[in-house]
Amino acid sequence: MPVTTPRAHGSADAAPRGSTPYRGPVTTCDIVLPCRDEAAALPALIASVPEGYGVVVVDNGSSDGTAEVAASLGAQVVVEPTPGYGAAVHAGVEASGADLVAVLDGDGSMDPRELPALRALVESGEADMVCGRRRPVTRGLWPWHARAGNAAVLWWLRRRTGLPLHDIAPVRVCRREPLLALGVEDRRFGYPVELLTKAQQAGWRLVERDISYRPRAEGTRSKVSGSVRGTVRAARDFARVLPR
Ligand SMILES: Nc1nc2c(ncn2[C@@H]2O[C@H](COP(=O)(O)OP(=O)(O)OP(=O)(O)O)[C@@H](O)[C@H]2O)c(=O)[nH]1
Ligand SMILES: [Mg+2]
């Protein structure tokens with residue numbers, strides 16, 4: 001059952017009586033959640049979505065009933081059979097009909113209640129894309145190998161393109177159509193790296209803000225940073241798309 005994206009704040013209806021009605025652009029925003037076996041995370045995650053957002057859950061080859069759980073929670077469900085983080089994100093962004101998209105993991109490690117502060121910077125025109133910088137809420141959450149791989153990628157991007165960020169933007173808020181127009185082609189974990197490179201080269205104003213990084217929801221399984229093997233696989237995806 002698709003969620004109708006509600007009208008965002010600042011609509012003419014919301015103007016107090018007697019004041020000048022709001023005539024600026026009314027923007028809609030969908031939260032895109034790439035999900036591979038994240039059924040256990042979705043109830044709490046979707047319950048904490050603030051008002052004024054649609055939810056698009058992309059089921060990427062799950063075998064735990066992710067799509068059924070998402071549909072029962074009122075999310076728009078998109079099925080993407082091609083495996084890979086980038087494949088899932090791209091399918092969700094394409095399927096969304098909103099002006100803005102906010103992409104975050106579907107494993108419960110990020111909090112949708114932190115999105116309005118990021119979205120505001122895009123709506124006000126201060127940023128073309130706002131990127132979250134993970135700040136772990138407990139020790140030991142972000143293993144050294146994942147952190148080191150991330151820092152190396154960011155160091156390289158800063159040197160090659162001047163990218164002013166410290167994390168690979170695991171949470172991103174931006175306008176949907178310009179995002180699709182960037183033509184990001186990677187469909188695995190290289191997707192955010194290629195996106196950041198293309199956005200920076202296209203002259204986008206990229207702004208970074210801290211976001212809380214929490215343990216993934218109980219009942220879900222770590223697929224990447226929970227093991228050195230997962231990190232090595234992600235690092236290979238990053239390396240494939242890094243600008244030389
Ligand atoms: N690993 C992986 N994740 C996918 C895929 N498709 C969608 N996802 C989702 O992409 C998001 C990010 O993947 P995660 O596995 O959480 O990656 P991570 O946060 O770097 O590492 P862990 O949380 O430790 O596994 C999650 O919501 C996944 O469910 C896929 O093919 N592989
Ligand atoms: Mg995760």
Can you list the strands (runs of 3 or more DSSP E) lying wholly within segment 1-80 that have 2 or more residues being within 16 Å of ligand 2 (Cβ to nearest atom) and either buried (at least 18 other Cβ atoms within 10 Å of the Cβ) or modelled with pLDDT of 95 or more (or both)? 29-35, 54-59
Can you confirm whether Asp210 is of a type outside the set (S, T, N, Q) and in a loop (DSSP other than H, G, I, E, B)? no
Extreme residue, farthest from ligand 2 (Cβ to nearest atom), among residues of segment 104-149 that are among the acidic types (Asp, Glu) and part of a helix (DSSP H, G or I): Glu123
I'd like the residue in segment 228-239 that is in contact with a helix residue (DSSP H, G or I) (Cβ under 9 Å, 6 or more places away or on another chain) and more than 8 Å from ligand 1 (Cβ to nearest atom) and, out of all such residues, is farthest from Ala152 (Cα to Cα). Val228
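The values are calculated or read from the model by the stated rules, or taken from the named source; none is laboratory data. In this text the structure is predicted, and so the values were computed from the model without any measurement. Here the Cβ is made from the backbone with ideal geometry for all residues, glycine too, and neighbour counts use every protein chain on show.
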